[in-house]
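The values are calculated or read from the model by the stated rules, or taken from the named source; none is laboratory data. Predicted model only: the values in this text are computed from it and were never measured. Methodologically, a virtual Cβ is constructed for each residue, glycine included, from the backbone with ideal geometry; neighbour enumeration extends over all protein chains shown.
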Amino acid sequence: MYNFMLAFIICAIAFVIGEVVSTVTKAWIPSVFVTAVIMLVGYWTVIPKTVVSDSLLIPFGSQLGIYLLITHMGTVISLKQLKEQWKTIVICLVGLAGMCALSMLLAPIFMDRTLVIAGLPPLTGGIVAATMMQSAAAEAGLETAAVFAITMYCVQGFAGYPLTAICLQIEGRRLLKKYRSGEAKTDKDALAGTQEAARKTLIPPVPKKYDSDGVTLLKLAIVAWFAILLGTVKFPGIGTISGAIWALLLGVFFCTIGFLDRRSLNKANSYGITMFALMMYIFDGLKDCTPDMLLSIIGPMIILIIIGVAGMCVASFIIAKIFKMSFPLAFANGLTALYGFPPDAIITESTCTALAENEDEKAYLMSKMFPSMIVGGFTTVTITSVFIAGIFANMF
């Protein structure tokens, strides 16, 4: 009875249950958190550990899907919005600095220092940082530290998901109160999320009779391919820049000049399956986290997460005051370090959907929270965590 289609059904059931719980609780319990719990417990009990690969969602989700989706995110964010995100980058850097500083200062009092060194880079980022620390710990003969690095990567989202949901709920309600009272007004950037307004672009649109889903996907793929090529170019004094970063930037640029359509994957009726495949690829990383592995290091893991998040919270509060911006949103930006993309996109969109009473309200909320959350995820996970891991790997 078990084949690729049943494996797909199992993944879809876990995903849908997460969405239902998120909808019922108005996004107070994020869908990604629920699905992650279901998959983790399922791996320990009845779900085959190969279920995601058996469903044939890999390698689509892990390779093709991720670049299409990141490029698509550039068609959701306007050039104006992207320019405004320099504060987000500073906030994330300060938040990560606060996390690392407080952890290195206090965590060694309660746990082995080698575990602090191994666990901090994965806590500040994703799989690349976790793999770097696992390899460095293994080479140093620190088997427990190597396991700790990978386990931290697998479970850190369980702290990040609910905390982010709370922050975005608070921020979303604050924004809606201003919007509904007339104190804050939407603009064409916000409304771009719900309607394709006529816009003057350098490149004219494809004639309607030829503008098919296939054409939209083709254009998106061309830009994503270009981003991958740029990701291999070494720049003097900098080295290579991740293809994922290029995909986001080029998505914004080519949408601005008119080559890409706004919300390209939605227009091509492909957003849902692409996001589903990518999220299941993320959850596939939980299959290696066994109960014994988790129990053996759960204490130090909780300590490091609490201290690290507390350090980030304090640093985010200070920088938010300096920039005179919302602390909940600043903290949520920093918390993207605990899960990155695409959970940051899903949590933000589901929160906006749950809070809004109509499409214009959702578009307004998305315009205020979505760009900073996306940029935050790339700043923390894709860029900064790799640098942090490079430093910490030499501390063993």
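Quick look at the values:
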| read-out | value |
| --- | --- |
| Output for the range 341-373, where each listed residue is in contact (Cβ under 8 Å) with a residue 24 or more places away in the chain, farther than 23 Å from T124 by Cα and not hydroxyl-bearing (S, T, Y) | C352, A354, L355, A356, E359, D360, E361, K362, A363, L365, M366, K368 |
| Residues being in contact with a Gly (Cβ under 6 Å, 6 or more places away or on another chain) and free of Cβ contacts under 8 Å to residues at least 24 places away in the same chain - total across the range 117-154 | 0 |
| Test: residue in the range 31-39 that is touching a Ser or Thr at 6+ places or on another chain (Cβ under 6 Å) and modelled with pLDDT of 85 or more | yes |
| Residue in the range 314-325 that is in a helix (DSSP H, G or I) and among the hydroxyl-bearing types (S, T, Y) present | yes |
| Among (1) more than 30 Å from T274 (Cα to Cα); (2) modelled with pLDDT of 90 or more; (3) surrounded by fewer than 24 Cβ atoms within 10 Å (Cβ to Cβ), the one test that G390 misses | (2) |
| Subset tally (residues that are modelled with pLDDT under 90 and either part of a helix (DSSP H, G or I) or among the hydroxyl-bearing types (S, T, Y) (or both)) for the range 214-246 | 5 |
| Of residues in the range 132-174 being in contact with a Phe, Trp or Tyr (Cβ under 7 Å, 6 or more places away or on another chain) and farther than 20 Å from V34 by Cα, the one surrounded by the fewest Cβ atoms within 10 Å (Cβ to Cβ) | A140 |
| Residue in the range 103-113 that is exposed (fewer than 15 other Cβ atoms within 10 Å of the Cβ), among the charged types (D, E, K, R), more than 27 Å from S350 (Cβ to Cβ) and at pLDDT below 95 present | yes |
| Pairs with Cβ under 7 Å, 6+ apart, first in the range 3-31 and under 15 Å from Y281 (Cβ atoms), second surrounded by 14 or more Cβ atoms within 10 Å (Cβ to Cβ) and among the charged types (D, E, K, R) | A7/D54 |
| Residue list for the range 347-365, filter: surrounded by fewer than 24 Cβ atoms within 10 Å (Cβ to Cβ) and in a helix (DSSP H, G or I) | E349, S350, T353, A354, L355, E359, D360, E361, K362, A363 |
| Answer residue from the range 201-213, given it is assigned to a helix (DSSP H, G or I) and without any contact (Cβ under 8 Å) to a residue 40 or more places away in the chain and is farthest from the chain's Cα centre (by Cα) among those | K209 |
| Elements of type helices (runs of 4 or more DSSP H) contained in the range 1-89, each with 1 or more residues being surrounded by fewer than 18 Cβ atoms within 10 Å (Cβ to Cβ) and not small (G, A, S) | 4-24, 31-44, 79-83 |
| Flag for A198 being part of a loop (DSSP other than H, G, I, E, B) and modelled with pLDDT under 90 | yes |
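To keep it simple, each residue is scored yes or no on (1) within 18 Å of the chain's Cα centre (by Cα); (2) of a type in the set (K, R); (3) modelled with pLDDT of 90 or more.
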site	(1), (2), (3)
T256	no, no, yes
D284	yes, no, no
D288	no, no, no
V309	yes, no, yes
V314	no, no, yes
K324	no, yes, yes
L329	yes, no, yes
